[in-house]
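Here the structure is laid out as structure tokens; the discussion comes afterwards.
The values are calculated or read from the model by the stated rules, or taken from the named source; none is laboratory data. Not measured: the values here are computed from a predicted model. All Cβ positions, even for glycine, are placed from backbone atoms using ideal geometry, and neighbour counts span all protein chains on display. Note: areas computed on protein heavy atoms with side chains; ligands, DNA, RNA excluded. Shrake-Rupley method; radii C 1.70, N 1.55, O 1.52, S 1.80 Å.
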Amino acid sequence: MKSEILRLLKENDTYISGQQLCEQFQVSRTAIWKVIDQLKKEGYQIEAVRNKGYRLIESPDVMSKAEIDSLVDTKWAGKNVIYYDETDSTNNRAKEAGNNKEPHGTLFVADMQMAGKGRRGRVWKSPSGSSIYMTILLYPDIPPVKAPQLTLIMAIAVAEGIREVTGLETKIKWPNDIVVNGKKICGILTEMSTEIDYINHVVIGVGINVNQDTFPDDIKETASSLKMELGKRIKRSGLIAAVMKIFEKYYEIFQETEDLSGLQELYNSMLVNKDREVKVLEPGNEYKAYAIGINQTGELIVRTPDGKEKEIYAGEVSVRGVYGYV
Ligand code: BTN
């Protein structure tokens, strides 16, 4: 009821009468008043006027199940939100839920992670109050070898979601870092449980730097936040909802062909490495090449100095700009 009341308050610029809410939810005026009081305690500014009702004046950067639920407008992606003030890692929560066959599209969100994980076994520092840490649980009916393509779909969804909410010009650093003005503002970590020829579940974890003002010395040259790039705070729940809406749309396009052919052009239009020289970092082998764009399965096509085209697979390989991170 709380998220539904919140949604109604958000959808209406005018007052909603207490009577209307009572009738809609079949509860007493006191029950409605209690929900409104809870919302106020969470930081929502709600005006209550006798004989008129309630009106939402301002919602803060609240992260809660009710807030996210009130904003998500999808068929399945993020339709079921499990929210934690703190947890070890939302990827761990999603994997556990995958083993228990929780619904496809369930979204795990935390305000803080005690053991946030980055790619290549790195730590993803996850303090409270400023970032988005979320993981979506999926049961794709595709061969395991195709699963990494889902990460690229999430990269497009995050890049586009941030553009929609902030107007910032986001880019994708292959395969799945999101950058703004050459700095990383989002990382994605996909993990899966598979058998030889089928997928039990896939979890796609997304960490977005939203309202940080600074970063630790070791990453401050390459990392940034939306607030630092935009000069103002962003409401995290609204961004989560925007990303879910876009992810759902592009996932369904992927399902039609089970590859990225319907999204390749869009991805390449956002690719920061496109038509640039990159340093390809293969284990034990580092070389310069010219990046052309991704193919239909998400490999990066590069031209090596001897003029040959090569497709590089994200698993073991990463790319850097010749002069730095991008
Ligand atoms: C990277 O190294 O770029 C990937 C970072 C992924 C971080 C996110 S935060 C939510 C989810 N839970 C985790 O433990 N990691 C991912």
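Okay, here's what the table says:
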item	result
Reciprocal of mean inverse Cα separation for region 103-229 (Kirkwood radius, Å)	15.2
Out-of-range pairs (alpha-carbon distance over 25 Å; input 117/235; 40/125; 95/279; 171/288; 79/274)	40/125; 95/279; 79/274
Fluctuation leader among 268, 100, 285 - the chain, Gaussian network, Cα springs under 10 angstrom	285
Semi-axis lengths (Å, descending) of the ellipsoid that matches the C-alpha gyration tensor of region 185-326	27, 24, 16
Charged-residue dipole, Cβ positions (Lys, Arg, Asp, Glu), the chain about Cα centre, Debye nearest 20	920
Most positive-pole-ward Cα, 76, 324, 12, against dipole of the chain from beta carbon charges	12
Region 221-303 - percent of accessible surface contributed by carbon and sulfur, probe 1.4 Å	45
Net +/- balance of residues flanking residue 168 in space, Cβ distance below 14 Å, scoring K and R +1, D and E -1	+3
Residues whose placed amide H lies under 5 Å from that of residue 46, excluding near-sequence neighbours	57
Length-normalised contact order for the chain - Cα pairs under 8 Å, 6+ apart - percent	14
For residue 276, residues with placed amide H under 5 Å, excluding near neighbours	291
Among 147, 166, 30 - extreme Cα towards positive end, dipole of the chain, charges at beta-carbon	30
Linear extension gain, residue 55 paired with residue 146, 0.36 nm per residue minus alpha-carbon span	28.0 nm
Relative contact order (%) - region 1-149, alpha-carbon pairs under 8 angstrom, separation at least six	18
Long-range amide H partners of residue 80 with built H, under 5 Å	107
Cubic angstrom per residue, convex hull over Cα atoms of region 18-141	140
Whole-number percent relative contact order across region 273-321, with pairs defined as alpha carbons under 8 Å at least 6 apart	36
222 nm mean residue ellipticity, helices alone, for the chain (DSSP H n ≥ 4; -39,500 (n - 2.57); rounded to 500)	-9500 deg cm²/dmol
Whole-Å semi-axes of the chain's equivalent ellipsoid (Cα gyration tensor)	39, 21, 17
Over region 273-321: Kirkwood hydrodynamic radius from C-alpha pairwise inverse distances, Å	10.6
Spin-label model distance (nm) - residue 30 vs residue 253, 7 Å beyond Cα toward Cβ	5.3
FRET E, pair residue 311, residue 100, Förster distance 30 Å, beta-carbon r, rounded to 0.05	0.20
Estimated FRET transfer efficiency (residue 12, residue 220; beta-carbon r; R0 30 Å; 0.05)	0.10
Share of Cα-Cα pairs in region 1-91 lying beyond 21 Å, as whole percent	34
